[in-house]
Structure formats: C-alpha cells, structure tokens
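Working notes, structure below.
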2 protein chains.
Amino acid sequence: MIPLYILGLLLRFGPQHGYQIKKLIEEQLKDFTQIKLPTVYYHLEKMEASGLITATCEKQGERPEKTVYQVSNIGADKFGELLSQSLQIKYHPTFDIDCTFYFSDSLDQNEMVNSLEIHIGVMKKTLEKLNIHHRETLEYMPESYKISANIIFEHHIMHYKAELAWAEQSCNTLKEVKSYGKDQDHRDQ
Amino acid sequence: MIPLYILGLLLRFGPQHGYQIKKLIEEQLKDFTQIKLPTVYYHLEKMEASGLITATCEKQGERPEKTVYQVSNIGADKFGELLSQSLQIKYHPTFDIDCTFYFSDSLDQNEMVNSLEIHIGVMKKTLEKLNIHHRETLEYMPESYKISANIIFEHHIMHYKAELAWAEQSCNTLKEVKSYGKDQDHRDQ
DNA sequence: TGACAAATAGTCAGCGCTGAGTATACTGAT
DNA sequence: ATCAGTATACTCAGCGCTGACTATTTGTCA
C-alpha cells in the first residue's frame, strides 16, 4: 500500500524528498495512516532500485544534498496497476482485546469494566475529533474530491461508532453480571 | 499478543508442541486470529530463551523428537502481567481501501461500484458464517465462558456490520453520482 | 547574539513475521 | 500392497518495518 501512496503523491504533487512525502502523508491523511519516516525511505530506495522512480541530488549552495524523487514512466504504469489491484477489498480485522477476553477468567471484572470505560471515553473523543476534522476538510476541499473524502471519513467514523457501541454494550453486560453476582453473594450469606 | 496467547493456551490446556499450539489457536480462535506456524515457533524459541517456558524433547520409539513446551513459574507471572497490560485497549484502524478512494480520480466509477458490490457480498457471507459459528459455539460452551465468548463474537459482528453498512452506503453514493453525471452528459449533448 | 527548541533530512541495526521448503507418519482408495 | 493425499512437526532465508540515532538548518525569545 505504501508504494501506492508514494507514487500517487509524487504524481499529484510533483517531485519531492522523502521528508516531504512523509509531511504530505501527515497533512493529507493524518487520520487514516501512521506511516513512519524510515518506512518511506525504505520504499523509496526499493522503488528506485526497481525503476519506478528516479532520484536526483539537489545541492543548494554547498549544503548537504537532498535527494528528490520523481515518478518514471514505468512508475506511472505501476501506479495504475497497483490502484486497480487495490480495488480488491479485504477486511479481516483482529483485535488484541479479544485475547484479553478469551482469558478473562484470569482477570478481575472491575478491572475489565474500568478498562472498557476508559476505552469508551477515548472512542468518544476520537469521534468528536474526526467529525470536526471531517467538517473542516470539506470546507477547503474542491468539489471533485468531496465525494471520496466523505467516503473515507465515513468509513472511519462508522467503525469508531461500532467500536464505541461494542464497548458500551460489553461494559453494561459485565456490570449486570457483577451486580447479579453480588445479589447471589448476598442471598448466599 | 502472541506470547500472551501461547502462555494462556499452555496454562489452560497443559504442555504442547508448537504444532499443537497452532491447532489450538485454529480451533479456539479461528474467526479472530490468523497466526502462522513459523510465527508460533519463533515466539516459542524466544520465550524459552527468556525462561518463560521450558522445552523437553519427547522421543516416541526411535522416531524424530518432538519438542514439548510448558510454562515456567516466571512464565505464569508474565502471563498475568501481559494480560493486565492487554487491558489498555487500542483502536486505530487503517484501511487499504482508503488509499484507493484517495486516488479515485484516476479510477473508473464503474470499477469502484463493482468492487464495492463484491465486497458487500463477501461481508454478508462472512456475517452469516460468523452468526452460525456464534450459535454453535454457545451450544457446547460451558456457562462460565459464554459471556466472554459473546463479547468477542459481538465485537467482530458489529465491525463487520459497520463495514457492510459503509460499503452499501458508499456504493449507493457512487451510483447516484454516476446517474447524475449521466443526466448532465445527456443535458450537455 | 547567543542559546535552546523545533523542523528538516536521512541512516542503520535488528526485530517480528512468514512463504517456501524439508521430512516423516498416517489414512483411505484402488 | 501400493500409492496419493493429508496431517504432523519443524526450519530458514529474507522481507518489511521502525526505534533510536546523527546532523544540519531554521525560527524565536530573551
């Protein structure tokens, strides 16, 4: 996926250094990816080696050189190819927290409720931020890009909502079990 | 997360070989993880090196040896530690398809609609399977595990539903745009 | 105008993971 | 009795990724 981003950004915004590409990704896609700088450089080198992009050294004054990358013809073709391939949508999420619940017999219920409550708070804040950013983005975005921007934002918003709903539901379930347990204890005494 | 699974499974089901651990993960968690065999062995070796588990060679007849692993005291402590840590829930999904939509100005709308329609089909089938497997699991599962099993299944089901809803919504949006575009073409002619 | 933080630009060792491969044992069809 | 196919059990080279590091340049506030 990263080569696709790099090729696409270089085609859309013209030749760039590795660092600039990282900045572009941060600006353009901050809510949707977390690509690290060394990862960008790693792919730039690989892509240069395979001829998808060409590197030229830029010397301003006599300061250290910066390497500027631009897409070759082969790279432009590859972009189209990768983009078509990316239409094969896959969705097989895994959640670390499933492991926690799988072994929940070794855990205290209060801790679990607590942890879910924190999670609920985080998800609510994340959703607020996303909604605000969504509105902001639509303001300065040219009409032709709005539809796809909407689709991307909606994708994330819907999954965050699902995560929130799950956390709230599970939290309530655990609380009910707890109070039921207490009732039993009470009756037992 | 994998060391946590391995420690937990070894504690719950007793000493096992690498291959058996893989089988256990497949049986117990088939809908929720896709851990590969070499990955299991990788972690077993690391965990043995750090004293979390101990390996003993088993020779049946004079056939090749199997290595059986069991949890040490240190490992049992580590299990508790990792399990507590795992209560810090993180959710920052990234979707490859976002990249596709980000560059959707280079794509044909029909292809995108098509791709989403396929995705909708896959998600529907996945949900059906998950629901069936959910019911089956609850049947043979002892009462004490049902709550956590429900929570895990619900987690996945809710996210698959979100994914499905998003795909349907986006598909409709794109279709509307297309027919609107056609209208315009028609008027332009 | 000197000093300290932040931004820019890039490198590298090493970790986690897995596709592809090896080798033996079992099982069922012919 | 044999052969194919599957299950069991494990190994290893090499890829993708990134934390931690280096080094320079540019604010920025006193």
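The values are calculated or read from the model by the stated rules, or taken from the named source; none is laboratory data. In this text the structure is predicted, and so the values were computed from the model without any measurement. Note: ideal-geometry Cβ built from the backbone for every residue, glycine included; neighbour counts use all protein chains shown.
Quick notes on this structure:
- Condition check for residue B:54: at pLDDT below 95, more than 13 Å from DNA strand D (Cβ to nearest atom) and surrounded by 13 or more Cβ atoms within 10 Å (Cβ to Cβ): no
- Count of residues meeting criterion [away from chain A (no Cβ under 12 Å) and either touching a residue at least 12 places away in the same chain (Cβ under 8 Å) or of a type in the set (Val, Ile, Thr) (or both)] in the stretch B:11-29: 8
- Residue within the stretch B:54-74 that is away from DNA strand C (no atom under 14 Å from the Cβ) and part of a helix (DSSP H, G or I) present: yes
- Selection count, the stretch A:88-110, where residues are more than 21 Å from residue B:126 (Cβ to Cβ), part of a helix (DSSP H, G or I) and among the acidic types (Asp, Glu): 1
- Some residue of the stretch B:17-40 being assigned to a strand (DSSP E or B), within 14 Å of DNA strand D (Cβ to nearest atom) and at pLDDT below 95: yes
- In the stretch A:137-162, the residues that are more than 7 Å from chain B (Cβ to nearest Cβ) form Cβ pairs under 6 Å with partners that are outside any helix (DSSP H, G or I), at six or more places apart or across chains, as follows: A:149/A:141.
- Single unsatisfied condition, residue A:3 versus (1) surrounded by 18 or more Cβ atoms within 10 Å (Cβ to Cβ); (2) away from DNA strand C (no atom under 15 Å from the Cβ); (3) closer than 24 Å to residue A:141 by Cβ; (4) more than 14 Å from the chain's Cα centre (by Cα): (3)
- With respect to the conditions (1) at pLDDT 95 or above; (2) more than 15 Å from DNA strand C (Cβ to nearest atom); (3) not assigned by TED's automatic domain parsing to the domain that holds residue B:150, residue B:43 lacks only one, and its number is (2).
- Meets criteria (crowded, with 17+ Cβ neighbours inside 10 Å, at pLDDT 95 or above, over 17 Å from the mean Cα position of the chain (by Cα) and over 30 Å from residue A:146 (Cβ atoms)) for residue B:101: no
- Residue in the stretch A:26-39 that is more than 9 Å from DNA strand C (Cβ to nearest atom), in contact with a helix residue (DSSP H, G or I) (Cβ under 9 Å, 6 or more places away or on another chain) and hydroxyl-bearing (Ser, Thr, Tyr) present: yes
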